[in-house]
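The values are calculated or read from the model by the stated rules, or taken from the named source; none is laboratory data. Keep in mind it's a predicted model, so treat the numbers as computed, not measured. In this analysis, Cβ positions are derived from the backbone assuming ideal geometry, glycine residues included, and neighbour counts consider all displayed protein chains. Please note that ligands, DNA and RNA were not included when accessible areas were found on the heavy atoms of the full protein model with its side chains. Shrake-Rupley method; radii C 1.70, N 1.55, O 1.52, S 1.80 Å.
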Amino acid sequence: MNYTPEEKAKWDKVIQTLEENMDDPAQRMLFKTFIRPLKLYAVTPEALYISGDNSFNLNHMKSRWGTMIYSAVPLVFGRSYELEYYPENQIAQIVAQLRKSTLNSKYTFENFIVGPSNQFAFAASLAVAENPGDTYNPLFIYGGVGLGKTHLMNAIGNFLSGEKPGLNVLLMTSEAMTNELIEGIAKKKTSELRSKLRNVDVLMVDDVQFLSRTKATQEEFFHTFNKLYDEKKQIIIASDRPPKELPEIEERLRSRFEWGLTVDIQKPDFETRMSILKEKAAEENIDIPYDVMEYIAHNVNSNIRELEGCLTSLDAHARLMNAKIDLDMARTALSGRIGAQAGQPLTAETIIEAVARHYGIVPGEITGKKRSREIALPRQVAMYVCREMTGMSTTSIGQAFGGRDHTTVMHGCDKIAEAMKADFAFKKRVEEIISIIERE
Ligand code: ADP
Ligand code: MG
(Lines give C-alpha, C1' and ligand atoms only; values in the text may rest on other atoms or scores of the structure.)
(Ligands and ions follow the chains in the order given, each with its own letter.)
Protein backbone atom coordinates (compact mmCIF):
# COMPACT_ATOMS: atom_id res chain seq x y z
CA MET A 1 0.00 0.00 0.00
CA ASN A 2 1.25 3.42 -0.91
CA TYR A 3 -1.02 5.55 1.25
CA THR A 4 -2.78 5.41 4.59
CA PRO A 5 -6.54 4.88 4.90
CA GLU A 6 -6.79 8.46 6.14
CA GLU A 7 -5.07 9.75 3.03
CA LYS A 8 -7.39 7.71 0.85
CA ALA A 9 -10.40 9.12 2.69
CA LYS A 10 -9.06 12.64 2.22
CA TRP A 11 -8.59 12.17 -1.48
CA ASP A 12 -12.12 10.84 -1.84
CA LYS A 13 -13.27 13.86 0.07
CA VAL A 14 -11.50 16.16 -2.40
CA ILE A 15 -13.35 14.53 -5.28
CA GLN A 16 -16.63 14.61 -3.43
CA THR A 17 -16.25 18.30 -2.60
CA LEU A 18 -15.58 19.10 -6.22
CA GLU A 19 -18.62 17.19 -7.35
CA GLU A 20 -20.84 18.97 -4.86
CA ASN A 21 -19.73 22.26 -6.31
CA MET A 22 -20.88 21.42 -9.80
CA ASP A 23 -24.46 22.22 -10.09
CA ASP A 24 -25.32 22.20 -13.76
CA PRO A 25 -26.07 18.81 -15.32
CA ALA A 26 -23.65 19.21 -18.26
CA GLN A 27 -20.79 19.74 -15.86
CA ARG A 28 -21.81 16.69 -13.88
CA MET A 29 -21.55 14.61 -17.04
CA LEU A 30 -18.04 15.85 -17.67
CA PHE A 31 -17.20 15.20 -14.06
CA LYS A 32 -18.21 11.56 -14.41
CA THR A 33 -15.96 11.11 -17.40
CA PHE A 34 -12.95 13.07 -16.31
CA ILE A 35 -12.75 13.40 -12.57
CA ARG A 36 -14.43 10.44 -11.02
CA PRO A 37 -11.89 7.98 -12.51
CA LEU A 38 -9.06 9.75 -10.69
CA LYS A 39 -7.73 7.38 -8.03
CA LEU A 40 -5.14 8.00 -5.40
CA TYR A 41 -2.21 5.71 -6.11
CA ALA A 42 0.57 6.90 -3.81
CA VAL A 43 1.49 9.65 -1.41
CA THR A 44 5.05 10.85 -0.96
CA PRO A 45 6.20 13.76 1.17
CA GLU A 46 6.09 15.93 -1.95
CA ALA A 47 3.29 14.69 -4.11
CA LEU A 48 0.04 12.86 -4.58
CA TYR A 49 0.25 10.34 -7.40
CA ILE A 50 -3.08 10.01 -9.11
CA SER A 51 -4.09 7.53 -11.76
CA GLY A 52 -6.67 8.11 -14.49
CA ASP A 53 -8.07 6.15 -17.45
CA ASN A 54 -5.71 7.26 -20.20
CA SER A 55 -3.42 10.13 -21.09
CA PHE A 56 -5.89 11.81 -23.44
CA ASN A 57 -8.48 12.18 -20.70
CA LEU A 58 -5.84 13.15 -18.19
CA ASN A 59 -4.51 15.95 -20.37
CA HIS A 60 -7.94 17.31 -20.96
CA MET A 61 -8.77 17.06 -17.28
CA LYS A 62 -5.56 18.81 -16.24
CA SER A 63 -6.02 21.78 -18.52
CA ARG A 64 -9.59 22.26 -17.46
CA TRP A 65 -9.69 21.36 -13.77
CA GLY A 66 -6.04 20.98 -12.75
CA THR A 67 -5.84 24.24 -10.86
CA MET A 68 -9.14 23.67 -9.16
CA ILE A 69 -8.06 20.28 -7.82
CA TYR A 70 -4.70 21.66 -6.79
CA SER A 71 -6.41 24.32 -4.71
CA ALA A 72 -8.93 21.92 -3.23
CA VAL A 73 -6.25 19.57 -1.86
CA PRO A 74 -4.99 21.81 0.98
CA LEU A 75 -8.53 22.42 2.15
CA VAL A 76 -8.87 18.74 2.92
CA PHE A 77 -5.28 17.61 3.52
CA GLY A 78 -4.24 20.65 5.51
CA ARG A 79 -1.23 21.21 3.24
CA SER A 80 -0.56 21.45 -0.45
CA TYR A 81 0.94 18.71 -2.60
CA GLU A 82 2.22 18.53 -6.11
CA LEU A 83 -0.19 16.49 -8.19
CA GLU A 84 1.21 13.87 -10.51
CA TYR A 85 -1.23 12.27 -12.92
CA TYR A 86 -0.49 9.09 -14.84
CA PRO A 87 -2.59 6.58 -16.77
CA GLU A 88 -3.49 3.62 -14.62
CA ASN A 89 -1.61 1.14 -16.76
CA GLN A 90 1.66 3.04 -16.26
CA ILE A 91 1.52 4.45 -12.80
CA ALA A 92 2.83 1.41 -10.90
CA GLN A 93 5.96 1.30 -13.00
CA ILE A 94 6.55 5.04 -12.83
CA VAL A 95 6.18 5.22 -9.09
CA ALA A 96 8.42 2.18 -8.64
CA GLN A 97 11.03 3.88 -10.78
CA LEU A 98 10.85 6.98 -8.63
CA ARG A 99 11.24 4.99 -5.45
CA LYS A 100 14.18 3.20 -6.83
CA SER A 101 15.99 6.48 -6.84
CA THR A 102 16.33 6.37 -3.06
CA LEU A 103 18.35 3.23 -3.65
CA ASN A 104 21.84 3.26 -5.01
CA SER A 105 21.58 1.44 -8.33
CA LYS A 106 25.31 0.76 -8.30
CA TYR A 107 24.92 -1.90 -5.62
CA THR A 108 23.47 -5.13 -6.95
CA PHE A 109 23.64 -8.85 -6.23
CA GLU A 110 25.46 -9.30 -9.53
CA ASN A 111 28.41 -7.17 -8.52
CA PHE A 112 28.61 -8.43 -4.95
CA ILE A 113 31.56 -10.76 -4.70
CA VAL A 114 30.88 -13.81 -2.62
CA GLY A 115 33.45 -15.53 -0.44
CA PRO A 116 33.48 -17.47 2.83
CA SER A 117 33.27 -14.23 4.81
CA ASN A 118 29.95 -13.10 3.37
CA GLN A 119 28.30 -16.06 1.65
CA PHE A 120 25.77 -16.63 4.40
CA ALA A 121 24.74 -12.97 4.50
CA PHE A 122 24.53 -12.99 0.71
CA ALA A 123 22.37 -16.12 0.57
CA ALA A 124 20.06 -14.82 3.28
CA SER A 125 19.67 -11.48 1.50
CA LEU A 126 18.87 -13.16 -1.78
CA ALA A 127 16.33 -15.45 -0.10
CA VAL A 128 14.63 -12.46 1.48
CA ALA A 129 14.61 -10.55 -1.80
CA GLU A 130 12.99 -13.52 -3.53
CA ASN A 131 10.33 -14.00 -0.86
CA PRO A 132 9.98 -10.84 1.16
CA GLY A 133 7.99 -11.22 4.35
CA ASP A 134 7.89 -14.96 4.61
CA THR A 135 11.40 -16.29 4.78
CA TYR A 136 13.42 -14.64 7.51
CA ASN A 137 11.79 -11.77 9.30
CA PRO A 138 13.47 -9.62 10.38
CA LEU A 139 16.78 -10.18 8.66
CA PHE A 140 19.52 -8.68 10.80
CA ILE A 141 22.88 -8.17 9.07
CA TYR A 142 25.89 -7.12 11.08
CA GLY A 143 29.58 -6.64 10.43
CA GLY A 144 32.42 -4.13 10.52
CA VAL A 145 32.71 -0.95 8.52
CA GLY A 146 33.06 -1.25 4.78
CA LEU A 147 32.22 -4.95 4.55
CA GLY A 148 29.13 -4.72 2.36
CA LYS A 149 26.06 -4.29 4.58
CA THR A 150 24.77 -1.23 2.76
CA HIS A 151 25.63 -2.87 -0.55
CA LEU A 152 23.49 -5.91 0.31
CA MET A 153 20.53 -3.82 1.41
CA ASN A 154 20.59 -1.83 -1.82
CA ALA A 155 20.93 -5.07 -3.75
CA ILE A 156 17.74 -6.35 -2.10
CA GLY A 157 15.97 -3.09 -2.95
CA ASN A 158 17.18 -3.04 -6.54
CA PHE A 159 16.24 -6.68 -7.02
CA LEU A 160 12.73 -5.99 -5.74
CA SER A 161 12.19 -2.96 -7.95
CA GLY A 162 13.06 -5.12 -10.91
CA GLU A 163 11.13 -8.24 -9.94
CA LYS A 164 8.23 -6.85 -7.94
CA PRO A 165 7.81 -3.23 -9.00
CA GLY A 166 4.50 -2.90 -7.17
CA LEU A 167 6.13 -3.28 -3.76
CA ASN A 168 6.81 -0.26 -1.64
CA VAL A 169 10.44 -0.53 -0.55
CA LEU A 170 12.07 1.92 1.81
CA LEU A 171 15.74 2.07 2.77
CA MET A 172 16.63 4.54 5.47
CA THR A 173 19.50 5.05 7.84
CA SER A 174 18.57 5.16 11.48
CA GLU A 175 20.02 8.66 11.59
CA ALA A 176 17.69 9.88 8.86
CA MET A 177 14.85 8.23 10.70
CA THR A 178 15.79 9.96 13.94
CA ASN A 179 16.16 13.32 12.19
CA GLU A 180 12.84 13.08 10.43
CA LEU A 181 11.18 12.17 13.66
CA ILE A 182 12.73 15.05 15.57
CA GLU A 183 11.72 17.40 12.80
CA GLY A 184 8.23 15.93 12.83
CA ILE A 185 7.94 16.41 16.57
CA ALA A 186 9.09 20.02 16.26
CA LYS A 187 6.50 20.72 13.57
CA LYS A 188 3.91 18.57 15.31
CA LYS A 189 3.69 16.37 12.23
CA THR A 190 5.02 12.99 13.32
CA SER A 191 2.19 11.32 11.44
CA GLU A 192 4.00 11.93 8.16
CA LEU A 193 6.96 9.77 9.12
CA ARG A 194 4.63 7.29 10.74
CA SER A 195 2.62 6.77 7.59
CA LYS A 196 5.74 6.61 5.50
CA LEU A 197 7.22 3.89 7.71
CA ARG A 198 4.10 1.89 8.36
CA ASN A 199 2.87 1.69 4.80
CA VAL A 200 5.85 0.03 3.25
CA ASP A 201 6.11 -3.58 2.16
CA VAL A 202 9.83 -3.76 2.84
CA LEU A 203 11.50 -1.57 5.44
CA MET A 204 15.29 -1.49 5.59
CA VAL A 205 17.00 0.40 8.38
CA ASP A 206 20.72 0.87 7.93
CA ASP A 207 23.24 1.49 10.72
CA VAL A 208 20.76 0.84 13.49
CA GLN A 209 23.55 1.36 16.05
CA PHE A 210 22.96 5.08 15.50
CA LEU A 211 19.29 4.91 16.35
CA SER A 212 18.80 7.62 18.87
CA ARG A 213 18.33 6.45 22.40
CA THR A 214 15.54 8.95 22.93
CA LYS A 215 12.33 7.34 24.01
CA ALA A 216 10.26 8.88 21.23
CA THR A 217 12.44 7.45 18.46
CA GLN A 218 12.57 3.98 19.94
CA GLU A 219 8.88 4.00 20.69
CA GLU A 220 8.11 4.96 17.09
CA PHE A 221 10.35 2.27 15.71
CA PHE A 222 8.95 -0.30 18.12
CA HIS A 223 5.37 0.29 16.98
CA THR A 224 6.41 0.38 13.34
CA PHE A 225 8.22 -2.90 13.80
CA ASN A 226 5.19 -4.54 15.41
CA LYS A 227 2.79 -3.34 12.78
CA LEU A 228 4.94 -4.41 9.85
CA TYR A 229 5.80 -7.71 11.48
CA ASP A 230 2.16 -8.53 12.18
CA GLU A 231 1.30 -7.79 8.58
CA LYS A 232 4.15 -10.01 7.39
CA LYS A 233 5.99 -7.10 5.81
CA GLN A 234 9.71 -7.63 5.47
CA ILE A 235 12.04 -5.85 7.87
CA ILE A 236 15.80 -5.75 7.29
CA ILE A 237 18.23 -4.19 9.71
CA ALA A 238 21.95 -3.55 9.42
CA SER A 239 24.31 -2.77 12.24
CA ASP A 240 27.99 -2.83 13.04
CA ARG A 241 27.35 -5.25 15.89
CA PRO A 242 24.91 -8.01 16.87
CA PRO A 243 21.60 -7.16 18.56
CA LYS A 244 22.69 -8.01 22.07
CA GLU A 245 25.58 -5.58 21.78
CA LEU A 246 23.30 -2.62 21.21
CA PRO A 247 22.97 -1.27 24.75
CA GLU A 248 21.42 1.99 23.58
CA ILE A 249 18.44 0.11 22.26
CA GLU A 250 15.56 -0.88 24.49
CA GLU A 251 15.43 -4.54 25.40
CA ARG A 252 11.99 -5.13 23.84
CA LEU A 253 13.23 -3.82 20.50
CA ARG A 254 16.56 -5.60 20.69
CA SER A 255 14.92 -8.93 21.37
CA ARG A 256 12.66 -8.44 18.35
CA PHE A 257 15.72 -7.97 16.18
CA GLU A 258 16.53 -11.58 16.98
CA TRP A 259 13.15 -13.02 16.07
CA GLY A 260 14.19 -13.77 12.52
CA LEU A 261 17.63 -14.52 11.19
CA THR A 262 20.85 -12.85 12.28
CA VAL A 263 23.78 -13.08 9.88
CA ASP A 264 27.22 -11.56 10.08
CA ILE A 265 29.74 -10.46 7.49
CA GLN A 266 33.34 -11.18 8.39
CA LYS A 267 36.45 -9.59 7.02
CA PRO A 268 37.19 -10.98 3.56
CA ASP A 269 39.95 -13.55 3.25
CA PHE A 270 42.86 -13.11 0.87
CA GLU A 271 41.19 -14.87 -2.07
CA THR A 272 38.08 -12.73 -1.77
CA ARG A 273 40.13 -9.56 -1.51
CA MET A 274 41.91 -10.53 -4.71
CA SER A 275 38.61 -11.24 -6.51
CA ILE A 276 37.25 -7.90 -5.39
CA LEU A 277 40.32 -6.07 -6.66
CA LYS A 278 40.19 -7.89 -9.98
CA GLU A 279 36.52 -7.23 -10.44
CA LYS A 280 36.69 -3.56 -9.50
CA ALA A 281 39.76 -2.93 -11.62
CA ALA A 282 37.99 -4.47 -14.60
CA GLU A 283 34.84 -2.47 -13.89
CA GLU A 284 36.75 0.81 -13.73
CA ASN A 285 39.07 -0.09 -16.58
CA ILE A 286 42.18 0.18 -14.44
CA ASP A 287 45.16 -1.65 -15.80
CA ILE A 288 46.85 -3.11 -12.75
CA PRO A 289 49.44 -5.90 -12.64
CA TYR A 290 48.86 -8.99 -10.56
CA ASP A 291 51.70 -8.36 -8.11
CA VAL A 292 50.30 -4.93 -7.28
CA MET A 293 46.93 -6.48 -6.53
CA GLU A 294 48.67 -8.98 -4.28
CA TYR A 295 50.52 -6.18 -2.56
CA ILE A 296 47.22 -4.41 -1.82
CA ALA A 297 45.38 -7.59 -0.84
CA HIS A 298 48.18 -8.47 1.60
CA ASN A 299 48.21 -5.10 3.24
CA VAL A 300 44.60 -4.07 3.29
CA ASN A 301 42.57 -6.76 4.94
CA SER A 302 39.82 -5.28 6.98
CA ASN A 303 37.72 -3.05 4.78
CA ILE A 304 36.50 -3.40 1.23
CA ARG A 305 35.97 0.32 0.84
CA GLU A 306 39.66 0.72 1.60
CA LEU A 307 40.53 -1.80 -1.13
CA GLU A 308 38.56 0.31 -3.56
CA GLY A 309 40.27 3.41 -2.21
CA CYS A 310 43.66 1.96 -3.07
CA LEU A 311 42.58 1.26 -6.64
CA THR A 312 41.17 4.74 -7.10
CA SER A 313 44.25 6.33 -5.72
CA LEU A 314 46.55 4.26 -7.95
CA ASP A 315 44.45 5.15 -10.95
CA ALA A 316 44.59 8.86 -10.11
CA HIS A 317 48.33 8.64 -9.60
CA ALA A 318 48.86 6.89 -12.91
CA ARG A 319 46.84 9.51 -14.76
CA LEU A 320 48.47 12.49 -13.10
CA MET A 321 52.00 11.22 -13.55
CA ASN A 322 51.17 9.70 -16.89
CA ALA A 323 52.78 6.50 -15.61
CA LYS A 324 52.00 2.81 -15.65
CA ILE A 325 50.98 1.17 -12.42
CA ASP A 326 53.72 -1.05 -11.03
CA LEU A 327 54.88 -2.20 -7.62
CA ASP A 328 57.29 0.68 -6.96
CA MET A 329 54.76 3.23 -7.99
CA ALA A 330 52.13 1.50 -5.82
CA ARG A 331 54.40 1.58 -2.76
CA THR A 332 54.84 5.32 -3.13
CA ALA A 333 51.29 6.12 -4.12
CA LEU A 334 49.78 4.07 -1.32
CA SER A 335 52.24 4.92 1.42
CA GLY A 336 49.65 7.08 3.16
CA ARG A 337 47.12 4.25 3.14
CA ILE A 338 49.27 1.24 3.74
CA GLY A 339 51.85 2.67 6.12
CA ALA A 340 55.61 2.63 6.26
CA GLN A 341 55.81 -0.89 7.69
CA ALA A 342 54.04 -2.38 4.73
CA GLY A 343 56.07 -4.51 2.47
CA GLN A 344 58.41 -5.41 5.29
CA PRO A 345 57.39 -8.56 7.09
CA LEU A 346 55.73 -7.99 10.41
CA THR A 347 57.74 -9.57 13.22
CA ALA A 348 56.64 -11.26 16.42
CA GLU A 349 58.63 -8.62 18.35
CA THR A 350 56.54 -5.79 16.93
CA ILE A 351 53.34 -7.65 17.82
CA ILE A 352 54.50 -8.54 21.35
CA GLU A 353 55.49 -4.94 21.87
CA ALA A 354 52.11 -3.59 20.72
CA VAL A 355 50.08 -6.12 22.73
CA ALA A 356 52.14 -5.46 25.87
CA ARG A 357 51.58 -1.73 25.44
CA HIS A 358 47.87 -2.29 25.05
CA TYR A 359 47.67 -4.24 28.31
CA GLY A 360 50.09 -2.00 30.20
CA ILE A 361 52.75 -4.65 30.80
CA VAL A 362 56.28 -4.98 29.47
CA PRO A 363 57.19 -7.19 26.48
CA GLY A 364 59.50 -9.26 28.68
CA GLU A 365 56.51 -10.41 30.69
CA ILE A 366 54.87 -11.82 27.59
CA THR A 367 57.89 -13.88 26.67
CA GLY A 368 58.64 -14.64 30.35
CA LYS A 369 57.50 -17.41 32.65
CA LYS A 370 54.75 -15.84 34.75
CA ARG A 371 51.41 -17.63 34.42
CA SER A 372 49.04 -15.28 36.22
CA ARG A 373 45.96 -14.31 34.26
CA GLU A 374 47.10 -10.69 33.83
CA ILE A 375 50.05 -11.97 31.86
CA ALA A 376 48.70 -15.18 30.36
CA LEU A 377 45.83 -13.47 28.55
CA PRO A 378 47.97 -10.83 26.76
CA ARG A 379 50.43 -13.59 25.92
CA GLN A 380 47.74 -15.69 24.24
CA VAL A 381 46.36 -12.63 22.48
CA ALA A 382 49.82 -11.88 21.12
CA MET A 383 50.17 -15.48 19.91
CA TYR A 384 46.80 -15.26 18.22
CA VAL A 385 47.69 -11.98 16.53
CA CYS A 386 50.98 -13.48 15.32
CA ARG A 387 49.16 -16.36 13.76
CA GLU A 388 46.60 -14.05 12.14
CA MET A 389 48.98 -11.40 10.86
CA THR A 390 52.20 -13.16 9.97
CA GLY A 391 52.92 -16.27 8.02
CA MET A 392 54.80 -17.74 11.00
CA SER A 393 54.34 -21.39 11.97
CA THR A 394 53.22 -22.22 15.50
CA THR A 395 56.72 -23.60 16.10
CA SER A 396 58.45 -20.34 15.21
CA ILE A 397 55.84 -18.37 17.15
CA GLY A 398 56.68 -20.59 20.16
CA GLN A 399 60.34 -19.74 19.74
CA ALA A 400 59.64 -16.03 19.63
CA PHE A 401 57.62 -16.37 22.83
CA GLY A 402 60.51 -17.47 25.03
CA GLY A 403 60.93 -20.94 23.58
CA ARG A 404 57.45 -22.35 24.12
CA ASP A 405 56.15 -25.53 22.56
CA HIS A 406 53.99 -25.31 19.41
CA THR A 407 51.09 -27.07 21.17
CA THR A 408 51.08 -24.28 23.76
CA VAL A 409 50.80 -21.79 20.93
CA MET A 410 47.96 -23.73 19.30
CA HIS A 411 46.13 -24.01 22.58
CA GLY A 412 46.55 -20.25 23.20
CA CYS A 413 45.29 -19.31 19.74
CA ASP A 414 42.26 -21.59 20.05
CA LYS A 415 41.37 -20.15 23.42
CA ILE A 416 41.44 -16.63 22.05
CA ALA A 417 39.42 -17.59 18.97
CA GLU A 418 36.78 -19.16 21.21
CA ALA A 419 36.70 -16.22 23.57
CA MET A 420 36.25 -13.89 20.61
CA LYS A 421 33.27 -15.89 19.45
CA ALA A 422 31.67 -15.87 22.87
CA ASP A 423 32.44 -12.31 23.87
CA PHE A 424 31.86 -9.58 21.34
CA ALA A 425 33.54 -6.85 23.39
CA PHE A 426 36.65 -8.97 23.63
CA LYS A 427 36.56 -9.63 19.90
CA LYS A 428 36.42 -5.87 19.27
CA ARG A 429 39.36 -5.40 21.57
CA VAL A 430 41.51 -7.91 19.73
CA GLU A 431 40.51 -6.45 16.38
CA GLU A 432 41.44 -3.04 17.65
CA ILE A 433 44.89 -4.26 18.62
CA ILE A 434 45.26 -5.71 15.13
CA SER A 435 44.26 -2.48 13.48
CA ILE A 436 46.68 -0.53 15.64
CA ILE A 437 49.47 -2.82 14.52
CA GLU A 438 48.31 -2.46 10.91
CA ARG A 439 48.53 1.29 11.17
CA GLU A 440 51.98 1.36 12.74
P1 ADP B 1 29.16 -1.22 5.04
O2 ADP B 1 27.76 -0.75 4.82
O3 ADP B 1 29.21 -2.62 5.60
O4 ADP B 1 30.00 -0.28 5.82
P5 ADP B 1 29.33 -0.96 2.18
O6 ADP B 1 28.19 -1.83 1.79
O7 ADP B 1 29.13 0.49 2.10
O8 ADP B 1 29.86 -1.36 3.63
O9 ADP B 1 30.59 -1.39 1.30
C10 ADP B 1 31.72 -0.57 1.15
C11 ADP B 1 32.19 -0.65 -0.27
O12 ADP B 1 32.71 -1.94 -0.53
C13 ADP B 1 31.10 -0.41 -1.29
O14 ADP B 1 31.60 0.32 -2.36
C15 ADP B 1 30.71 -1.81 -1.73
O16 ADP B 1 30.24 -1.84 -3.05
C17 ADP B 1 32.01 -2.55 -1.60
N18 ADP B 1 31.79 -3.96 -1.26
C19 ADP B 1 31.57 -4.47 -0.04
N20 ADP B 1 31.44 -5.81 -0.09
C21 ADP B 1 31.57 -6.15 -1.39
C22 ADP B 1 31.55 -7.39 -2.08
N23 ADP B 1 31.36 -8.56 -1.45
N24 ADP B 1 31.74 -7.35 -3.43
C25 ADP B 1 31.95 -6.20 -4.06
N26 ADP B 1 32.00 -4.99 -3.47
C27 ADP B 1 31.82 -4.95 -2.14
MG1 MG C 1 26.93 0.99 5.51
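The table for this structure:
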| quantity | calculated |
| --- | --- |
| Helices (runs of 4 or more DSSP H) within region 267-331 that include 3 or more residues acidic (Asp, Glu) and touching a residue at least 40 places away in the same chain (Cβ under 8 Å) | 270-283 |
| Any hit, region 41-58, residues being under 30 Å from Arg241 (Cβ atoms), away from ligand 1 (no atom under 16 Å from the Cβ) and at pLDDT 90 or above | no |
| Complete set of residues in region 71-119 that are assigned to a helix (DSSP H, G or I), over 33 Å from the mean Cα position of the chain (by Cα) and either within 16 Å of ligand 1 (Cβ to nearest atom) or surrounded by 15 or more Cβ atoms within 10 Å (Cβ to Cβ) (or both) | Ala72, Val73, Val76, Phe77 |
| Selection within region 124-152 - of a type outside the set (Ser, Thr, Tyr), more than 10 Å from ligand 2 (Cβ to nearest atom) and part of a helix (DSSP H, G or I) | Ala124, Leu126, Ala127, Val128, Ala129, Glu130 |
| Residue match in region 157-164 (condition: under 18 Å from the mean Cα position of the chain (by Cα) and within 16 Å of ligand 2 (Cβ to nearest atom)) | yes |
| Condition broken by Asn21, with the remaining ones in (1) at pLDDT 90 or above; (2) open to solvent by 50 Å² or more (accessible area, probe 1.4 Å) satisfied | (1) |
| Entirely in region 166-241, the helices (runs of 4 or more DSSP H) that have 3 or more residues that are free of Cβ contacts under 8 Å to residues at least 24 places away in the same chain, farther than 30 Å from Lys428 by Cβ and of a type outside the set (S, T, N, Q) | 174-186 |
| Region 300-317, residues that are more than 16 Å from ligand 2 (Cβ to nearest atom) and surrounded by fewer than 16 Cβ atoms within 10 Å (Cβ to Cβ) | Thr312, Ser313, Ala316 |
| Residue satisfying all of: in region 279-294; under 11 Å from Asp326 (Cβ atoms) and either touching a Cys at 6+ places or on another chain (Cβ under 7 Å) or of a type in the set (Asp, Glu) (or both); least open to solvent (accessible area, probe 1.4 Å) among these | Asp291 |
| The lone exception for Thr102 - which of (1) under 30 Å from Glu431 (Cβ atoms); (2) within 16 Å of ligand 2 (Cβ to nearest atom) it fails | (1) |
| Met321 being loosely packed, with under 13 Cβ neighbours inside 10 Å and either modelled with pLDDT under 90 or within 21 Å of Thr390 (Cα to Cα) (or both) | yes |
| Among residues of region 198-246, those that are open to solvent by 10 Å² or more (accessible area, probe 1.4 Å), in contact with a Lys or Arg (Cβ under 7 Å, 6 or more places away or on another chain) and of a type in the set (S, T, N, Q), counted | 1 |
| Qualifying residues in region 1-60 (those that are more than 41 Å from the chain's Cα centre (by Cα) and of a type in the set (D, E, K, R)) - the one nearest to Glu82 (Cα to Cα) | Arg36 |
| Condition check for Ile352: touching a Cys at 6+ places or on another chain (Cβ under 7 Å) and closer than 30 Å to Cys310 by Cβ | no |
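Results for (1) surrounded by 13 or more Cβ atoms within 10 Å (Cβ to Cβ); (2) of a type in the set (A, V, I, L, M); (3) modelled with pLDDT of 95 or more; (4) over 30 Å from Ser335 (Cα atoms), shown as yes or no for each residue.
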| position | (1), (2), (3), (4) |
| --- | --- |
| Met389 | yes, yes, no, no |
| Thr407 | no, no, no, yes |
| Lys415 | yes, no, no, yes |
| Lys421 | no, no, no, yes |
| Glu432 | no, no, no, no |
